Amino acid sequence: MDVVRNVFQSKWFSEQVEREAARDDMSPAERLGEAIALVGSAIVVAFFVIHQTRPTGFFTDDFGTAGAAVLYFMIGFGMLPPVFRLLLGRRNVARPLDALGMGTFGAGALYLLIVFPFDMSRFAQPLPHSLEFLLDWIPESLAKWVLAVGVVACVFFGPYTYQLHVSVKRLLSEGVSEEFSEDEPAA
């Protein structure tokens, strides 16, 4: 626990907080990037819906309702932070959702890793035949490795993201209160 406390009290973390506070407001191009991320997420959802509604064989008998709920909840919840950033034009307001989303993704990825209800040899089937080469090379071992790395990353980056949110929020509110105190007339 002392290691975690030391990280969040380190000079490195303080510099990260200052950097993130300085770039909290998003440019129109960055907001466009969030919209593009949402379109990409919608394409991923459509890809899995095609697998689920057609007999592609990608989802095994172990997938079921629980697997579908986990998969679509992970993707759907992951779309919330970009929506907030896009609409509000600020990064820090979405960080609690990012942190919670990492917890959601970590738990969901762990479930999918344990059950692994996928037949990776059928992953590329929704694509037109001429484009199947883009995905048909992905083996089961790589898919499991990606899920495992996601679980481990979420364990570390979820708390980091939440602490970053708290620290940036504190710094931004101090900056605002300093601005107001400078504008007030002296008594």
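The values are calculated or read from the model by the stated rules, or taken from the named source; none is laboratory data. Please read all numbers here as calculations on a predicted model, not as lab measurements. Don't worry about glycine lacking a Cβ; one is built from the backbone with ideal geometry, like all the others, and counts go over all protein chains shown.
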Review point. Taking the condition at pLDDT 95 or above and under 30 Å from R122 (Cα atoms), does F58 pass?
Key: yes
Revision key, fill the gap. Screening V166, V151, V176 for residues that are at pLDDT 95 or above, surrounded by fewer than 17 Cβ atoms within 10 Å (Cβ to Cβ) and of a type in the set (V, I, T) leaves only V166
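How many residues does the range 24-42 hold that are outside any helix (DSSP H, G or I) and out of contact with any helix residue (DSSP H, G or I) (no Cβ under 6 Å at 6 or more places or on another chain)?
Total meeting the criteria: 3.
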Practice item. Identify, by number, the condition in (1) buried (at least 19 other Cβ atoms within 10 Å of the Cβ); (2) of a type outside the set (F, W, Y); (3) under 14 Å from the mean Cα position of the chain (by Cα) that A107 doesn't meet. Key: (1)
**Study point:** Residues satisfying the stated conditions in the range 43-65, i.e. out of contact with any Gly (no Cβ under 8 Å at 6 or more places or on another chain), touching a residue at least 12 places away in the same chain (Cβ under 8 Å) and assigned to a helix (DSSP H, G or I)
**Key:** V44, F47, F48, I50, H51, Q52, G64
Review point. Which of the following residues is in contact with a helix residue (DSSP H, G or I) (Cβ under 8 Å, 6 or more places away or on another chain), at pLDDT 95 or above, surrounded by fewer than 17 Cβ atoms within 10 Å (Cβ to Cβ) and under 19 Å from G67 (Cβ atoms): V146, V115?
Key: V115
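Select from the range 135-152 the residues that are small (G, A, S) and farther than 13 Å from F123 by Cα and write down the one among them that is nearest to the chain's Cα centre (by Cα).
Selected residue: G150.
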